[in-house]
Amino acid sequence: MDIEAPLLSVRGLGRRFDAAELPAVADLDLDLRSGEILALVGPSGCGKTTTLRLIAGFIRPDAGEIRLAGTDVTGLPPERRRIGFVFQDYALFPHLSVAQNVGFGLPRRPRAAAAARVADLLASVGLAELAARMPHQLSGGQQQRVALARALAPAPGLVLMDEPFSNLDAARRVETRQEVRGLLKAAGAAAIVVTHDQEEALALADRIAVMQSGRILQCGTPQEVYRGPASENVARFLGGSNVIEGEATGETAMTPLGPLRIDRTAYGRVRLSIRPEQIVLTPAGTGTTQGEILGREFRGHDQVYWIQAEGANLVALTHGSADYTAGGRVGLSMTEPAILLADG
Amino acid sequence: MVDRDTSLPQRALALSVALLVVLVGLPMAATTLAAITGDLSTLNHLWETVLPRYLRVTAVLVVSVAAIAAVIGTATAWLVSAYDFRGRRLVEVALVLPLAFPAYVLAYAYTDLLDHPGPVQTALRAATGWGPRDYWFPEIRSTGGAIFVLSVVLYPYVYLLARAAFARQGGSTFLAARGLGLGPWAAFRRVSLPTARPAIAAGTLLVGMETLADFGTVSYFGVQTFATGIYQSWFSLADRSGAAQLALGLLAMTLALNALERRSRHAGRDVGERTGEPLPPVRLTGSRGAAALCACALPVLLGAVIPALHLVRMAGGAEQSLFSERYLGFLANSLTLASIAAGLTLAAAICLGYYRRLAPSAPRRRAIDIARLGYAVPGTVIAVGLLVPFAAFDNALDAAMRAWFGISTGLLVTGTIWLLVAAYVIRFLAAAIGAFETGEIRVTENIDAAARSLGHGPLGALWHVHLPLMAPGLASGALIVFVEVMKELPATLIMRPFDFDTLAVQAHRLAADERLDGAAVPSLAIAALGVLPVILLMARLRRS
């Protein structure tokens, strides 16, 4: 048990928008340490944005408790929580300049100190020259950095980011997320980043929480969650997965694809996850089992094959150079052990 | 969306919203109460004498004005939307010009122009050599004259909504109909017109409500409607329950039109946003182009240009001067009332709009719906509905103070301008709420949340974010209220404190005394201010 109280502690959080519908967030527990970056991932509509807005105080929970540095903030309005928020559309104030936007959360301070803080922040996000610009004169990436600088300005212990990269093009997204990670770490701020992009979550976060239907399915380091998904939904959401059934007999399981090594000892009926990159394709006649190629998608440095083997539909991810023709037969084998799913 | 909280500013806001709802509801409730508890023998008497005529004349007036305005508004809107012709850009914006004039000002101008000694008949006699009694000429001071004046001044309501509806529906459906073998007229009749029908209906119903509320024109023309009937019962007959009973009848009619108007507007919303490209305008050249231009220019000439020019001529021959001390006093009174009312109405609209925005919920939206209802209440009805309870209050207070302390408080409320200001707030709140809601579109919900997460409370966010962002829209809303107050006649006439005359009241008085040249002086001042929001509107039309 950690001696230090967590920065953020959420217990039993629930919110229902419509009495006739399922709750958007239900009985949710979450802890965040100081300076830690957590990615909250899940399919759209799983309640991740609602969770973020509940923590920020924009909406009130029906149930549960939110503690920030040990203090109960559940009933506090957002302006008294000192939590930074970066919006998906950035929500920059269109009538204020870049510098005024960043300084918005720094009222009634000595003017010189506030100006110096704004200048420091703008320098740290590389926008010092654009201080006098208006938001509509900035590119999407620049607006995003202004939004982050604005959220960091009052030196909050916690920053919440709602799909912060979704309005950037693919190339900008990859470099921006490492920049953002660096800025958060430099500021010493903990962050919860909501995203529906599993790759983004894996690359950005210290820990990942996978949500579905208003609940957290699994929470752990990116490696833990990717390599040991607790359930089929987690496995499918993070990195995609093939799920097959089998009969475990200790270290191995008998499956339609032949005997497979599994990551833990188990007995009886099990469900196993096999990542697309775990399936190795070889010319027909070789490998542990044979399959038929239903379709293929060439993506440049890699390619995806849809394969039917022994009654199971599988997805395989291979090198861009591994060419097999659709409709033809192919040999399959598995690297590494298959992952035993807890909800099997 | 930010959930509600119960901090002090929030409670203050909730309280002011509650007070506003009560204020707007008060004249309606008081009128109803005074009418049903009043002496029913008066109603019997009314029914045997004037009521059938009021009903008939009011119905004829409303139906005729609405129908004519609907035709003018729709036809001109279609011409400027579907066709391109020389002068189209000009008439497209100029068609809203009549909105600058209160109808009664047009009534004065046309009476002077078309009366027996007026320039038209004089020229006619000079040209034909007829004597004064040798010919028939239509009498402008009649029901027909009122229909004419109200139609040419009110059609822009239909024009604006119909034009927006034609622009919104775009060209694809019209072109699809043409592609299916319909001619342009058939495609208009069977596709474009039905699609725009809810908007046209809403505009027409607004015209109906304005016609019901009109007092200045019908009273000057001696046309006996509910509005003039209320005024007569109140002043000439000093019959409060009779006035209240007539007011209740008028209120029922305007509320019915208001309900229909809201239904139409909702139906119009279902038609949805612009789909695809705009209507490609058909180019009209030669005589067809000239005919289209004439058709669009005629309402502008009749509703604005001709009366404005004639008013200038009339004022030139008047002995009254706007810059005399007396008229500067009227002007100051008008400006005082208009500024106070515009400021308070805007503040009220901000309270209502922001209260709903902080936590959109059904009761908060209903508060705004009720507040908007004031627009449907004619000035005469608001006057009766506020004076009946507050006069009773003043009298009771005065009696009590005299009995207990031996001092007379007199007309504590009804003797001041504040009750009149309250009447303006009630009547024009809907316009200011509309301005708030238009301005609000610029401020996304996330911007609210951003301001809150950066440490600003609801009022801080309003002050630092909403008000600066919405300032242009709110300012134009305040300007509309300001000008409407300058133009307002019946409530001002009935409720103004003793010896507190405004430009509108002075114009009405001079006209009633048959001193039309004189009436032209304050009328021109009112129209000059009235043109300001219309210029803003025209600039917006130009850009779109």
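The values are calculated or read from the model by the stated rules, or taken from the named source; none is laboratory data. Since this is a predicted model, take the numbers as computed values, not measurements. Positions of Cβ are generated from backbone atoms using ideal geometry, with glycine treated the same way; all protein chains shown enter the neighbour counts.
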Within segment B:228-246, tally of residues that are of a type in the set (A, V, I, L, M) and surrounded by 24 or more Cβ atoms within 10 Å (Cβ to Cβ): 4
So how many residues does segment A:299-344 have that are in contact (Cβ under 8 Å) with a residue 40 or more places away in the chain, within 27 Å of A:ALA230 (Cβ to Cβ) and of a type in the set (Val, Ile, Thr)? 3
Output yes when any residue across segment A:110-117 is in a loop (DSSP other than H, G, I, E, B), more than 8 Å from chain B (Cβ to nearest Cβ) and over 29 Å from the mean Cα position of the chain (by Cα), and no when none is. yes
If we take segment A:136-228, then strands (runs of 3 or more DSSP E) inside it with 1 or more residues that are in contact with a Lys or Arg (Cβ under 6 Å, 6 or more places away or on another chain) are A:190-195, A:207-212
Of the residues in segment B:1-60, those that are over 30 Å from B:THR143 (Cα atoms), polar (S, T, N, Q) and surrounded by 12 or more Cβ atoms within 10 Å (Cβ to Cβ) number 3
Filtered residue count, segment A:304-315, keeping only those that are under 24 Å from the mean Cα position of the chain (by Cα) and more than 30 Å from A:TYR267 (Cβ to Cβ): 1
Subset of segment A:10-54 [among the basic types (Lys, Arg), within 14 Å of chain B (Cβ to nearest Cβ) and closer than 24 Å to A:LEU184 by Cβ]: A:ARG53
Any residue that is under 20 Å from the mean Cα position of the chain (by Cα), closer than 25 Å to B:SER233 by Cβ and touching a residue at least 60 places away in the same chain (Cβ under 8 Å) - is there at least one of those in segment B:508-519? yes
Would you mind telling me which numbered condition in (1) touching a helix residue (DSSP H, G or I) at 6+ places or on another chain (Cβ under 6 Å); (2) outside any loop (DSSP other than H, G, I, E, B); (3) over 30 Å from A:PRO156 (Cβ atoms); (4) not acidic (Asp, Glu) B:VAL413 fails? (2)
Does A:ALA151 count as over 27 Å from B:HIS456 (Cα atoms), among the hydrophobic types (A, V, I, L, M, F, W, C) and surrounded by 18 or more Cβ atoms within 10 Å (Cβ to Cβ)? no
Test result for A:GLY57, at the interface with chain B (Cβ under 8 Å from one of its Cβ atoms) and buried (at least 24 other Cβ atoms within 10 Å of the Cβ): yes
Subset of segment B:438-461 [surrounded by fewer than 23 Cβ atoms within 10 Å (Cβ to Cβ) and either at pLDDT 90 or above or within 10 Å of another protein chain (Cβ to nearest Cβ) (or both)]: B:ARG442, B:VAL443, B:THR444, B:GLU445, B:ASN446, B:ILE447, B:GLY455, B:HIS456, B:GLY457, B:GLY460
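This table checks each residue for (1) touching a His at 6+ places or on another chain (Cβ under 8 Å); (2) aromatic (Phe, Trp, Tyr); (3) under 16 Å from B:VAL62 (Cα atoms); (4) free of Cβ contacts under 8 Å to residues at least 40 places away in the same chain.
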site: B:MET209; (1), (2), (3), (4): no, no, yes, no
site: B:LEU212; (1), (2), (3), (4): no, no, yes, no
site: B:TYR220; (1), (2), (3), (4): yes, yes, no, no
site: B:THR225; (1), (2), (3), (4): no, no, yes, no
site: B:GLN245; (1), (2), (3), (4): no, no, no, no
site: B:LEU248; (1), (2), (3), (4): no, no, no, no
Identity of the residue in segment B:169-186, touching a Ser or Thr at 6+ places or on another chain (Cβ under 9 Å) and in a helix (DSSP H, G or I), that ends up surrounded by the most Cβ atoms within 10 Å (Cβ to Cβ): B:GLN169
Checking the structure you have, find out if any residue of segment B:238-248 is among the aliphatic types (A, V, I, L, M) and at pLDDT below 85. yes
Matching residues in segment A:64-90 (under 25 Å from the mean Cα position of the chain (by Cα) and more than 22 Å from B:ALA461 (Cα to Cα)) number 6
Residues that are within 7 Å of another protein chain (Cβ to nearest Cβ) and not small (Gly, Ala, Ser), drawn from segment A:95-106: A:HIS95, A:PHE104
In segment A:60-84, what residues are buried (at least 21 other Cβ atoms within 10 Å of the Cβ) and either of a type in the set (A, V, I, L, M, F, W, C) or away from chain B (no Cβ under 14 Å) (or both)? A:ILE66, A:LEU68, A:ILE83
Among the residues of segment B:466-485, is any surrounded by fewer than 24 Cβ atoms within 10 Å (Cβ to Cβ), within 14 Å of chain A (Cβ to nearest Cβ) and touching a strand residue (DSSP E or B) at 6+ places or on another chain (Cβ under 8 Å)? no
Where residues in segment A:316-337 are part of a strand (DSSP E or B) and surrounded by fewer than 17 Cβ atoms within 10 Å (Cβ to Cβ), which of them is nearest to the chain's Cα centre (by Cα)? A:HIS319
